[in-house]
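What follows is one structure encoded as structure tokens, with my remarks underneath.
The values are calculated or read from the model by the stated rules, or taken from the named source; none is laboratory data. Note that the structure is a prediction, hence the values are computed from the model and not measured. For neighbour counting, all protein chains shown are included, and Cβ atoms are generated from backbone atoms with ideal geometry for every residue, glycine included. Ligands, DNA and RNA are stripped out before the accessible areas are found, and what is left, the full protein with its side chains, is counted by its heavy atoms. Shrake-Rupley method; radii C 1.70, N 1.55, O 1.52, S 1.80 Å.
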Amino acid sequence: MPSWNIHTAHAERLLQEDGAAALGIRDVDAFLLGNILPDIYVGYMVPDITRKIEYQETHFADPNFVPEPDYGAFIEGYANPDVDGRVSDLVLGCWAHLVADHDYNKHVNLFISAHGIEPCTETRVKKQADFDLFGKTLRISMAPHITSSVLDQCASFTQYELVEEDLLKSQAAMERIIEENASHHIEGTPDYQMLGSDFFATTYDKVTEHIRRGLLAYAAGDPTWGVES
């Protein structure tokens, strides 16, 4: 899976290149929180959370070798649009996270199949090591701030309960990741074990465009914005 530095880099790129308003985003902090939210209760990224939730529930996919989350199922089940078709910025961020997870893992699965690589533990380790290196090539600076308006959106999130204590810990975790990414930043091309720089350059752009296309469609009022491939 792409780590939070990669998810955040996508969000920052879109906010910089398109602007929040054009993407239909009203509260950037809520969008940034949503962009990491599906991972919070899985239990790996945030220490000492109040409870854990199974990956199948947070990501709409079985945790098999390289799972491809169903972002359309999330939108169909939990977007909860109002009478104007608007959804919360938190939901927009969650959708962006699931799109990124789906698309990166889909391209990994296509890569290992095309290259005759065995889907085994060694392959998974190499994949994660390459994603870790790629994440360190990106520059990020934006952590979500858990404001009162963000908490209002969290209170209306229906997929599972969001606890303020856990959200504050998630903000702190994201801030640490930003600091670590800066202190361990990699210039140039890392020494990837399996996937390579071409894979990441191409996939990064494809994921960005998928998220951009969906958000622009949402902003334009297209009711099918979150389920197209």
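Largest first, please: the extent of the C-alpha atoms of segment 149-206 along each principal axis, to the nearest Å.
Projected onto its principal axes, the Cα set of segment 149-206 covers 43, 27, 19 Å.
I want to verify a result. In a Gaussian network model of the chain, Cα cutoff 10 Å, which of these has the top mean-square fluctuation: G116, G24, G93?
G116
Against the empirical 2.2 N^0.38 Å scaling, what ratio does the C-alpha Rg of segment 1-125 come to?
That ratio works out to 1.14.
Whole-Hz Karplus ³J(HN,Hα) for segment 190-200, in order, using 6.51 cos²θ - 1.76 cosθ + 1.60 and θ = phi - 60°, x for Gly and Pro?
Whole-Hz 3J(HN,Hα) from phi for segment 190-200: x, 8, 5, 8, 9, 7, x, 5, 5, 4, 5.
Give me the 1.4 Å probe accessible area per residue for the chain, excluding ligands and nucleic acids, in Å². It would help to have the intermediate numbers written out before the result.
Numbers: 10420 Å² over 229 residues.
Using a 1.4 Å probe on heavy atoms only, each residue of the chain averages 46 Å².
Along the principal axes of its C-alpha atoms, what lengths does segment 80-179 span, in descending order and rounded to whole Å?
For segment 80-179, the Cα extents along the three principal axes come out at 49, 36, 23 Å.
Taking θ = phi - 60°, what integer Hz values does the Karplus form 6.51 cos²θ - 1.76 cosθ + 1.60 yield along segment 146-155, in sequence order, with x for Gly and Pro?
Listing the rounded values in order: 8, 8, 5, 5, 5, 5, 4, 5, 5, 5 Hz.
Only Cα pairs within less than 10 Å get springs; with that Gaussian network setup on the chain, which residue of D132, D27, D152 has the largest fluctuation?
D152
If we count GluC sites (Glu not before Pro) as exposed when they sit in a DSSP loop and have at most 13 other beta carbons within 10 Å, what is the longest stretch of the chain that avoids them all? Mind dumping the intermediate values first?
Numbers: sites that count: E54, E161, E187, E228.
Result, exposed sites excluded: 55-160.
Counting only C-alpha contacts under 8 Å and six or more residues apart, can you give the relative contact order of the chain as a whole percent?
Once normalised by length, the contact order is 31 percent.
Grab the DSSP H runs of the chain that are 4 residues or longer, score each as -39,500 (n - 2.57), total them, divide by all residues and round the 222 nm result to the nearest 500 deg cm²/dmol. Walk me through the numbers on the way to the answer.
Details: 10 runs with 131 residues, N = 229.
After summing the helix terms and dividing by the residues of the chain, the value is -18000 deg cm²/dmol.
Could you give the angle, 0 to 90 degrees to the nearest 10, between helix 121-136's Cα long axis and the longest principal axis of the Cα atoms of the chain?
The two axes meet at around 60 degrees.
Give the lysines reachable from K52 as a straight Cα distance under 28 Å; neighbours fewer than 8 places away on the same chain don't count.
K106, K126, K127, K136, K169
Which of rounded, prolate or oblate describes segment 1-44 when judged by the alpha-carbon gyration tensor and an a/c cut-off of 1.5?
Values: a/c = 3.73, a/b = 1.75, b/c = 2.13.
Oblate, because a/c is 1.5 or more while a/b does not exceed b/c.
Summing +1 for each Lys or Arg and -1 for each Asp or Glu, what net charge is found among the other residues whose Cβ lies under 14 Å from the Cβ of S149? Can you show the working numbers first?
Values: positive: R26; negative: D27, D29, D89, D152, E164.
The answer is -4.
Can you compute 3J(HN,Hα) from phi for each residue in segment 12-27, using the Karplus curve 6.51 cos²θ - 1.76 cosθ + 1.60 with θ = phi - 60°, rounded to whole Hz and x for Gly and Pro?
5, 4, 5, 5, 6, 7, 10, x, 4, 4, 5, 8, x, 9, 9, 10
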